[in-house]
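These notes concern the structure reproduced below.
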Amino acid sequence: MKVKGKHIILSFVLLVTGFILALSYEITSERSSSLLPGFERQWELEDELRNQVIMEQTTNRKLQEDLRLYQSQIRDLETNLASMDEEQEIKAKNMLEDIERLRKLVGQVAVQGPGIEVSLEDADYLPDGANPNDYIVHEFHIQKVVHELFVAGAEAIAINGFRLSHQSYIQCTGPVIRVDGNVSAAPFVVTAIGDSDHLESALTLPGGVQQQLVNDEISVRIQKKNMLTLEPYLAESG
């Protein structure tokens, strides 16, 4: 078969066309592979943003539910307060008074009112050959007074100005004592706020604390006071 010139030209055209198509496909593939990571990152970013939006929406719904719950509880409290009868009001008032009394006892708040001052001093006279420790005020003497005053209903107590709390301790160190670590020397003045008549009577009962201290050669002096002020526990004294 004789190959004509037009066949050669056609073959050449087909060859060139095939080469161009192959080259175009390769270039297109390279571009797609270079652009694909960018598309993937964009998709991942959008997906992450969508997840964040979903999480925020979930959180908002939870907060709205909590808010509705709190609002409902407040309405219930308001309803209960509005419907509180006289007996319940008395109970609530008594509870508040008990809380205030406990705050005073533990020394959280300043206390002001009538009361007494109990002064304890070492013996004026020391017999020859006697042991000096038998004629001075010790911590157990002061503790007797403090305990009796608390039992008698004292609202607040201080020793030489140092307010006592429910955790206070009194320690004897020779001629001085430590009240919660604060050094204090004789005379020791125990100040108590409360019904002055009742507090004095509790100390002066026959055979009571005052008599016991006198028997231990301790000088005891009790004074009623119309108005006393005791600062909170560990407060700076003026």
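The values are calculated or read from the model by the stated rules, or taken from the named source; none is laboratory data. Since the structure is predicted, the reported quantities are computational estimates derived from the model, not experimental observations. Just so you know, the surface numbers come from the protein's heavy atoms only, side chains and all, with ligands and any DNA or RNA stripped out. Shrake-Rupley method; radii C 1.70, N 1.55, O 1.52, S 1.80 Å.
When the accessible area of the range 111-230 is computed with all protein chains present and a 1.4 Å probe, what percentage of it is carbon and sulfur? Percent of accessible area from carbon and sulfur atoms in the range 111-230: 47. Is the range 111-230 best put as rounded, prolate or oblate by its Cα gyration tensor, with a ≥ b ≥ c the root eigenvalues, rounded for a/c under 1.5, and otherwise prolate when a/b is larger than b/c, oblate when not? Oblate shape, in that a/c is at least 1.5 and b/c is the bigger or equal ratio. Remark on Lys225: its backbone amide H falls under 5 Å from those of Gly115, Ile116, Glu117, a criterion applied only to residues 5 or more positions apart or on other chains, H modelled at 1.01 Å from N.
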